[in-house]
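Worksheet: the structure to be examined is printed underneath.
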Amino acid sequence: MKIKKKRIALDFNNKEKIVQVGKALSSEVRLDILKFLIDKSANISEIASTFQIPFSSAALHVKVLEEAGMITATEQAGVRGAQKVCGIAFEDIYFNAFRHKMNRDNMKVYHFPMGIGNYYNCMVNENCGIISERSYLGVEDSPYGFYAQNRHEAQLIWFMSGYLEYRFPNYMLKQSKVKEVSFSFEVCSEAPGYQNDWSSDITVWVNGREIATVYSKGDFGGRRGHLNPDWWSDTMTQFGVLKNVTINGQGCFEDLVKTSEETIDTLGICEDYFISFKIGVKPDAKNLGGMNLFGEKFGDYAQGIVMSVLMDGSGEDLEVEEDAIEDKVLEDEEN
């Protein structure tokens, strides 16, 4: 039984979760069980036998680990009735000691969507491609399609190395204090066809400065992406992982793990007429496994790149101007 692993993210805003994880890790037996389950799934009887403890004790340890989100326990039919089969459910634990300092009371969040074909600039190498919901744009494995007149229709873009740069308008951000800026996007590696084990380091730059490297485990396939059109072959890339890169006053974070000391102020988020967001694979990346970037009609998530801004809501109400924000985004994309 293959368990999809996750990160356990902790901060002082959720003390109950900290206590649950702390309790789970406070027992040497439970630590041994976790180590055991990394290599194989096992039912409670097997766990009790392996560690020579009563079945009731093994069941209690499993319950504590399950409540902490560290393992999954799924009932499966067996010769002697149903048994809980246990498997490891997490990859790592991250404790953000400063997240509670971001007071979100009286805050407002604004979202700026960007289609993946609306890049301002690009530089990609061969073994690349760009497709719309209906067909290929340009010639496969050639950069020509990246300069097509209808590139704004792109729903899936891939390349081995290079980058795409997007520019988000920020004139509305200057009317209120920006507390946090984040970018979310669906990505995976790029391999011939698809390969679930194909590592890649995908780099993110904001306003020309490198702020994070997103690790991709593979070019995912084996099942269809939830949004993929019927004509897209089952033998090709199917879906990615939704990643989030955040910038605030404490630094830059990739899925809550700190990646850079750059902050909103040092990156000059509100200083220019736009915010530059660049994503790509460096030619000297340690894991040079390429990149697939998904639009709102491909993969698993109905979005392209979304910039979200957390702002002080104590000043002028900006909600009435959200249409103006969207109009400005479209205007910049057309230009």
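Summary of computed values
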{"read-out": "Longest DSSP-loop-exposure-free segment, GluC sites (Glu not before Pro), the chain, at most 14 other Cβ within 10 Å", "value": "1-125"}
{"read-out": "With Cα atoms, 0 to 90° folded angle of helix 322-334 axis to the chain main axis", "value": "70"}
{"read-out": "Cβ-based charge dipole, the chain, positive-most Cα from I247, F220, Y163", "value": "F220"}
{"read-out": "Probe 1.4 Å, accessible area per residue of region 103-313, Å²", "value": "42"}
{"read-out": "Cross-link table K108/K243; K35/K258; K17/K179; K217/K278; K23/K286, entries beyond 28 Å C-alpha to C-alpha", "value": "K23/K286"}
{"read-out": "Candidates per trypsin sites (Lys or Arg not before Pro) in region 240-290, loop by DSSP, up to 12 other Cβ within 10 Å", "value": "K286"}
{"read-out": "Rounded if a/c under 1.5, otherwise prolate or oblate - region 6-96, Cα gyration tensor axes", "value": "prolate"}
{"read-out": "Cβ-placed point charges (K, R +1; D, E -1), dipole of region 6-96 about Cα centre in debye, nearest 20", "value": "120"}
{"read-out": "Sequence-separation-based contact order of region 103-313, relative, with Cα cut under 8 Å and 6+ spacing, percent", "value": "32"}
{"read-out": "Computed log₁₀ I(q)/I(0) - Debye formula, equal Cα scatterers, no solvent, region 210-266, q 0.14, 0.31 Å⁻¹", "value": "-0.54, -1.20"}
{"read-out": "Residue of I53, I33, I44 that the Gaussian network model of the chain assigns the largest fluctuation, springs spanning Cα pairs under 10 Å", "value": "I53"}
{"read-out": "Average projection area in nm² (convex hull over Cα atoms of the chain, one quarter of hull surface)", "value": "19.8"}
{"read-out": "By accessible area with a 1.4 Å probe, ligands and nucleic acids excluded, highest first: order of I279, I38", "value": "I38, I279"}
{"read-out": "Per-residue SASA entry for W198, accessible area with 1.4 Å probe, Å² rounded to 10", "value": "80"}
{"read-out": "Share of carbon and sulfur in the accessible heavy-atom surface of the chain [1.4 Å probe, %]", "value": "49"}
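The values are calculated or read from the model by the stated rules, or taken from the named source; none is laboratory data. Since we're looking at a predicted model, the values are computed, not measured. Here the Cβ is made from the backbone with ideal geometry for all residues, glycine too, and neighbour counts use every protein chain on show. Ligands, DNA and RNA are stripped out before the accessible areas are found, and what is left, the full protein with its side chains, is counted by its heavy atoms. Shrake-Rupley method; radii C 1.70, N 1.55, O 1.52, S 1.80 Å.
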